[in-house]
Amino acid sequence: MSSRAPSRSASSSGSPLSVDAPVLELRALTRTHGTGIAEVHALRGIDLSVHAGELVAVMGPSGSGKSTLLTIAGGLDTATSGQVIIEGQDIAGLGRKGVAALRRRSVGYVFQDYNLIPALTAAENIALPRELDGVSVRKARKEARAALEEMKLLEIADRFPDEMSGGQQQRVAIARALVGDRRLVLADEPTGALDSETGEAVLALLRNRCDRGAAGVMVTHEPRYAAWADRVVFLRDGSIVDQTLTADADSLLAAEGAK
Amino acid sequence: MSIRHGLLALLERGPRYGSQLRTEFESRTGSTWPLNVGQVYTTLSRLERDGLVAQDGEDDQGHALYSITDSGRTELRSWFETPVDRSNPPRDELAIKLAMAVGAPGVDIRAVIQSQRHHTVKAMQDYTRLKAQALADVPANRDEVAWLLVLEQLIFQAEAEARWLDHCESRLVRLAEAAATDPEPEVRTANRAPARTARPRTRR
């Protein structure tokens, strides 16, 4: 793990011991749908920090709040209370345009159903968010091809989504989520409809990106895929009830717990 | 697990001595089921008694060598050809524990489930790391391929357990909900629409 020097030494009230500020920090997050008798508490006070280099899996029964957590962390939905802090910025203060810009720049979001644009080729799908962010078309296309090459998918660069297999579409979706050096990757059941070998290839990509410095959060109900994570967080009725760590992450949390 | 057949399979590739068999057995299975050399010799002497292996001289260093006999080969073939018996499942401590936890006084069965799930998923994380290491390079030989298969078996087995635990929990939740909403229609009406409770129910 890299020991990056703190550029702006822990301005947050977070742990003085942690060298790296978390890439994603959720503080006392709640989300309530409806009011009065129809009130549903989807999230009840979630605290979660994800650091660079860390892949966190979120598991829990359906209705436990997993997807809500992810959509709020990605700025696709708004919390009822609490804070979402991405790379040190509280997204509540950014306004709608600011959040959209932050999302394009820093957050890669992988959807279960890939969400590729049918009228664009693989390379164009990957280049689009970069173009929207003001990168020149030429540069964005170049980056897209590099991302495809990294995933050994260059041969499908000019195919349209309906000319790809599900596994290829999902890998293109991941390339799109990762292009341009985004530091936070959020994935909602990224292995959903894939067979086990393809699912594993998708996981290996996420794992690899986190090993190279991104922070990742993945919602999954598949224990076999969750096991690729450094940390597995168990959600029940909108609260984190438990979490597991690998040996490496154990020492990390011990340091955090000592604050 | 069949040590007998494991040893026969190793001996089919040529005569070997006891501690050599132990080493080969372990490298094939990634030391998942460690053997002690005593077990190996006990098994060898039973195999010899049953005519499936025979002592076959010594090597240069004076180790007693064993080799497989023809009936040993027949036995080994039939082991590979016969499916492992699943009709007599071994006792499973977790299944017994959950069975006992149902309705046990002072036991929070969901807590029992979660603590096991934590442990099982943690074990899967560890196995998955080993697997990622094993896959970092293309498996180069028989032992590495075999170890990968064993490792993946451990992962699949742990996964089945984790899924079963998820299922148990949602099953219990559903049953509890059904029990809470099921009978006593009067109680329900009373709760939902207090104004109507005054209506006399006894009309004959």
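The values are calculated or read from the model by the stated rules, or taken from the named source; none is laboratory data. Given the structure is predicted, the values throughout are model-derived calculations rather than measurements. Ideal geometry is used to build each Cβ from the backbone, glycine not excepted, and the neighbour counts take in all protein chains shown.
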*Exactly one condition in (1) exposed (fewer than 14 other Cβ atoms within 10 Å of the Cβ); (2) touching a residue at least 12 places away in the same chain (Cβ under 8 Å); (3) of a type in the set (D, E, K, R) is not met by A:LYS97; state its number.*
(2)
_For the structure I just gave you, tell me whether B:GLN116 is surrounded by 15 or more Cβ atoms within 10 Å (Cβ to Cβ) and either facing chain A (nearest Cβ under 9 Å) or within 17 Å of A:GLU222 (Cβ to Cβ) (or both)._
no
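Just checking, does region B:121-128 include any residue being assigned to a helix (DSSP H, G or I), among the hydroxyl-bearing types (Ser, Thr, Tyr) and closer than 22 Å to A:ARG224 by Cβ?
Step one: of region B:121-128, the residues assigned to a helix (DSSP H, G or I) are B:121-128.
Going one step further and asking which of them are among the hydroxyl-bearing types (Ser, Thr, Tyr), we end up with B:127-128.
Applying the additional criterion that residues be closer than 22 Å to A:ARG224 by Cβ yields B:127-128.
Yes.
From B:GLN114, B:GLN55, which residue is in the same structural domain as B:ALA146 (by TED's automatic domain parsing) and in contact with a strand residue (DSSP E or B) (Cβ under 7 Å, 6 or more places away or on another chain)?
Numbers: B:GLN55 fails: in the same structural domain as B:ALA146 (by TED's automatic domain parsing).
Result: B:GLN114 is the single residue among B:GLN114, B:GLN55 that is in the same structural domain as B:ALA146 (by TED's automatic domain parsing) and in contact with a strand residue (DSSP E or B) (Cβ under 7 Å, 6 or more places away or on another chain).
A quick yes/no check of all residues on (1) surrounded by fewer than 20 Cβ atoms within 10 Å (Cβ to Cβ); (2) under 27 Å from B:ILE155 (Cα atoms); (3) at pLDDT 90 or above; (4) of a type in the set (Phe, Trp, Tyr):
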site: A:GLU163; (1), (2), (3), (4): yes, no, yes, no
site: A:ILE174; (1), (2), (3), (4): no, yes, no, no
site: A:ALA177; (1), (2), (3), (4): no, no, no, no
site: A:VAL185; (1), (2), (3), (4): no, yes, yes, no
site: A:VAL202; (1), (2), (3), (4): no, yes, no, no
*Kindly indicate the residue of region B:84-119 that is over 22 Å from the mean Cα position of the chain (by Cα) and free of Cβ contacts under 8 Å to residues at least 60 places away in the same chain and also nearest to A:THR244 (Cα to Cα) among those meeting that condition.*
B:ALA111
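If I ask for residues that are outside any helix (DSSP H, G or I) and under 29 Å from A:VAL56 (Cβ atoms), which ones from region B:129-149 would you list?
Pass one, region B:129-149, residues outside any helix (DSSP H, G or I): B:137-141.
Passing the criteria: only B:ASP137.
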*Is it true that some residue in region B:134-141 is touching a residue at least 24 places away in the same chain (Cβ under 8 Å) and either surrounded by fewer than 15 Cβ atoms within 10 Å (Cβ to Cβ) or at the interface with another protein chain (Cβ under 7 Å from one of its Cβ atoms) (or both)?*
no
*Could you name every one of the helices (runs of 4 or more DSSP H) located completely within region B:18-116 that has at least 1 residues being of a type in the set (Asp, Glu), at pLDDT 95 or above and more than 30 Å from A:GLY60 (Cα to Cα)?*
B:37-49, B:70-81
_Residue that is modelled with the highest pLDDT, among those in region A:212-236 that are more than 10 Å from chain B (Cβ to nearest Cβ) and surrounded by fewer than 22 Cβ atoms within 10 Å (Cβ to Cβ)_ = A:GLY213
*Specify which of the listed residues (B:GLU152, B:GLU161) is closer than 23 Å to B:PHE25 by Cα, among the acidic types (Asp, Glu), within 14 Å of chain A (Cβ to nearest Cβ) and part of a helix (DSSP H, G or I).*
B:GLU152
*State whether the residues of region A:76-97 include one that is outside any loop (DSSP other than H, G, I, E, B), among the aliphatic types (A, V, I, L, M) and more than 16 Å from the chain's Cα centre (by Cα).*
yes
_Filter result for the condition that a residue is farther than 20 Å from A:VAL232 by Cβ, surrounded by 16 or more Cβ atoms within 10 Å (Cβ to Cβ) and touching a Leu at 6+ places or on another chain (Cβ under 6 Å), over A:GLY82, A:GLY65, A:GLY75_ = A:GLY82
*Give me a count of the residues in region B:42-66 that are surrounded by fewer than 17 Cβ atoms within 10 Å (Cβ to Cβ) and in contact with a Lys or Arg (Cβ under 8 Å, 6 or more places away or on another chain).*
1
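So, of the residues in region B:11-27 that are of a type in the set (Lys, Arg) and more than 24 Å from the chain's Cα centre (by Cα), which turns out to be surrounded by the most Cβ atoms within 10 Å (Cβ to Cβ)? Give the steps one after another, and end with the answer.
Applying the first criterion (of a type in the set (Lys, Arg)) to region B:11-27 yields B:13, B:16, B:22.
Okay, now just the ones that are also more than 24 Å from the chain's Cα centre (by Cα), so B:13, B:16.
Details: B:ARG13: 10, B:ARG16: 23.
If we take residues in region B:11-27 being of a type in the set (Lys, Arg) and more than 24 Å from the chain's Cα centre (by Cα), then B:ARG16 is surrounded by the most Cβ atoms within 10 Å (Cβ to Cβ).
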*asked:* So, A:ASP181, is that one out of contact with any Cys (no Cβ under 7 Å at 6 or more places or on another chain) and free of Cβ contacts under 8 Å to residues at least 12 places away in the same chain or not?
replied: yes
